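Submitted below is the structure of interest, expressed as structure tokens.
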Amino acid sequence: MRTIGIIGTVIWLGVMALVSNTYKCTQTEYLHGQSVIRTNRFFAVLVFLPVILWAGFRSGAGYADTNAYIRFYSELPDSFSGLQDSQHANPKDPGFTVFAFVIKRLFGSSHTPFLLIIAVIEGLAVVTFYRRYSSQYILSIFLFVASAEYFSWMFNGMRQFLAVSILLLAFPLYLDKKYLRFLLLFALACTIHMTAVIMMPIVLVARRKPWNVFSMLAVILAFYALMRTDRFTEILNAAVQDTQYSESVYSWTSSGDDGANPIRVLVHAIPTILALFGRKQLKTANDPIMNICVNMSIVATSLWVIAMATSGIFMGRLPIYAGMFNYVLLPFEIETIFDRRSARAVTIFMCVCYLAFYFYQFHFTWHLI
């Protein structure tokens, strides 16, 4: 089943790409005062539906953290008093515990509704975000899938990705400067997974012009971590001391975690590299949403470099918050930086490379196919 899902997901996206070229699957709508052409909602959901269903109906075997989530769900108390006792004993990320408790009260002890509801929320957040902001929806979904992000997060790190999904759904509020409502959803995301707090300094500077002083500070910090790994680890250890992540830092420093795979870091850095070399064309385009995406990409790449220098397990979980914007940015960069003929060739080459990376991840890194 797992191998069929891994291979079948890519085949399905190829079929959907052919369908979109044969039939009109788009509609005209307004995005922040501008008329844009976007994939219609029904087709957008259909493109990603197999991933949602697979994630929702998966068993625990062969999906890394899934067994831990199933065990967590089965051990949840059945009463409100039991929930209070559980929260006192383990106060970490209470929002997720309460959310799971409500599902158990409504649907019983079977783990399938628990996994399915989370998969639907996360899947619809991905669909909504890329449908709304990507000029090439299927390509953005393909990049999200072929980078193996869907498997890393919707199947393994689903608690953190639930927090990511909340922030993706809150992004329109950020764009419209409805900051109070955005902060409420941001606070909710932090109760689901505390790593969401990393987005606070990022969103404060994301609206600035790309390659601003703050984004360059992120780059400098990344290279400092790369050059002075031991010193940076000491600083990081001091920063998380007495928090729920202090044990995580101790674990990777003592277990020999040698950092994120450089190949993976390079793949995730491609949008940032293109943004650097194509900054003149991107500046001419002056798209405010893409400016945000460039800043997010710079931050994500910086975090990946830090993860390569320190821990792929601990630091490697942080770039996803900003990295989701890469799959909006990359299609836009290709359209903007290259002429039409070159853009087509670059897109084909990129898809081939991402498919190779997809196979590399599942076969050589994770040994799943």
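The values are calculated or read from the model by the stated rules, or taken from the named source; none is laboratory data. Computed from a prediction, not measured in an experiment: that's the story for all the values here. With ideal geometry, Cβ positions are generated from the backbone for all residues, glycine too; neighbour counts draw on all protein chains shown. Accessible surface areas use protein heavy atoms only, side chains included; no ligands, DNA or RNA. Shrake-Rupley method; radii C 1.70, N 1.55, O 1.52, S 1.80 Å.
Under 18 Å from a point placed 7 Å out from the Cα of LEU169 along the Cα-to-Cβ direction: which residues of the range 116-151 have their backbone N that close?
116-133
Quote the convex hull volume per residue of the range 282-369, based on C-alpha atoms, as a whole number of Å³.
Each residue corresponds to 105 Å³ of Cα convex hull volume.
Would you grab the residues whose amide H sits under 5 Å from the one on ARG207? Only those 5+ places off in sequence or on another chain, please, with H modelled 1.01 Å from N.
Those lying under 5 Å, H to H, from ARG207: there are none.
If you don't mind, another one. Enumerate the calculated ³J(HN,Hα) couplings along the range 355-366 in order (Karplus 6.51 cos²θ - 1.76 cosθ + 1.60, θ = phi - 60°), each rounded to whole Hz, writing x wherever the residue is Gly or Pro.
Each residue's phi maps through the Karplus curve to give 5, 4, 5, 4, 5, 4, 4, 6, 8, 8, 8, 9 Hz.
If r is the Cβ-Cβ distance from LYS283 to ALA345 and R0 is 35 Å, what FRET efficiency results, to the nearest 0.05?
According to the calculation, E is roughly 0.90.
Here's another thing I want to ask about it. Summing -39500 (n - 2.57) over the DSSP H runs of n ≥ 4 in the chain and dividing by its residue number, what mean residue ellipticity at 222 nm do you reach, to the nearest 500 deg cm²/dmol? Don't skip to the answer; put the middle values down first.
Working: 19 runs with 259 residues, N = 369.
Computed mean residue ellipticity for the chain: -22500 deg cm²/dmol.
Let me ask something else about it. Quick check for you: which residues of the range 4-25 have the amide N under 17 Å from the point 7 Å beyond the Cα of LEU368 toward its beta carbon?
4-13
Heads up, I need the accessible area for ASP339: 1.4 angstrom probe, whole protein in place, Å², nearest 10.
90 Å²
Relative contact order for the chain: what is it in percent, counting Cα pairs under 8 Å that are at least 6 residues apart? List each step's numbers first, then the result.
Values: 405 pairs, mean separation 63.1, N = 369.
The normalised contact order for the chain reaches 17 percent.
Just grab the label-to-label distance for LEU221 and THR112, each label 7 Å out from Cα along the Cβ direction, in nm (one decimal).
Output for this residue pair reads 4.5 nm.
Given Cβ point charges of +1 (Lys, Arg) and -1 (Asp, Glu) and nothing else, what value in debye, to the nearest 20, does the dipole of the range 85-162 about its Cα centre take?
Approximately 140 debye in magnitude.
Dipole of the chain, Cα-centred, from +1 at each Lys and Arg C-beta and -1 at each Asp and Glu C-beta, to the nearest 20 debye? Intermediate results must be reported in sequence, preceding the final value.
Details: 28 positive and 19 negative charges, 244 e Å.
I would put it at about 1180 debye.
Moving on. Just add up the charged neighbours of LYS209: K/R +1, D/E -1, any other residue whose Cβ is under 15 Å from the Cβ of LYS209.
Charge balance near LYS209 sits at +4.
Work from the charge dipole of the chain (Cβ charges, +1 for Lys and Arg, -1 for Asp and Glu, about the Cα centre) and give the residue of ALA356, HIS32, ASN326 farthest towards its positive end.
Value computed over the given set: HIS32.
Give the long-range amide H neighbours of LEU31: residues separated by 5 or more places, or on another chain, with amide H under 5 Å away, using H modelled in the peptide plane at 1.01 Å from N.
Under 5 Å from the amide H of LEU31 lie the amide H atoms of VAL36, each far enough along the sequence or on another chain.
Using θ = phi - 60° and the Karplus form 6.51 cos²θ - 1.76 cosθ + 1.60, what ³J(HN,Hα) does each residue of the range 209-224 get, whole Hz, x for Gly and Pro?
4, x, 6, 7, 4, 6, 5, 5, 5, 4, 5, 4, 4, 4, 6, 5
If you count only protein heavy atoms with a 1.4 Å probe, what accessible area per residue comes out for the chain, rounded to a whole Å²?
Here the per-residue accessible area is 48 Å².
Using only C-alpha positions, report the orientation-averaged shadow area of the convex hull of the chain, nm², one decimal. Kindly include the intermediate steps, with their values, before the conclusion.
Details: hull surface 75.4 nm².
The orientation-averaged projected area of the Cα hull of the chain comes to 18.9 nm².
Further, regarding this structure: At what distance in nm do the modelled label points of GLU75 and VAL352 sit from each other, each positioned 7 Å from its Cα along Cα→Cβ?
Here the answer is 5.0 nm between the modelled labels.
Once you've got the Cα coordinates, tell me which of LYS24/LYS178; LYS177/LYS280; LYS24/LYS280 are over 32 Å apart.
LYS24/LYS178; LYS24/LYS280
If you plug each phi of the range 264-274 into the Karplus form 6.51 cos²θ - 1.76 cosθ + 1.60 with θ = phi - 60°, what whole-Hz ³J(HN,Hα) values come out, in order, with x for Gly and Pro?
So the J values, rounded to whole Hz, are 5, 4, 4, 4, 6, 8, 4, x, 5, 4, 5.
Also: Taking only the Cα atoms of the range 6-79, how large is their convex hull per residue, in Å³?
Normalising the Cα hull of the range 6-79 by residue number yields 158 Å³.
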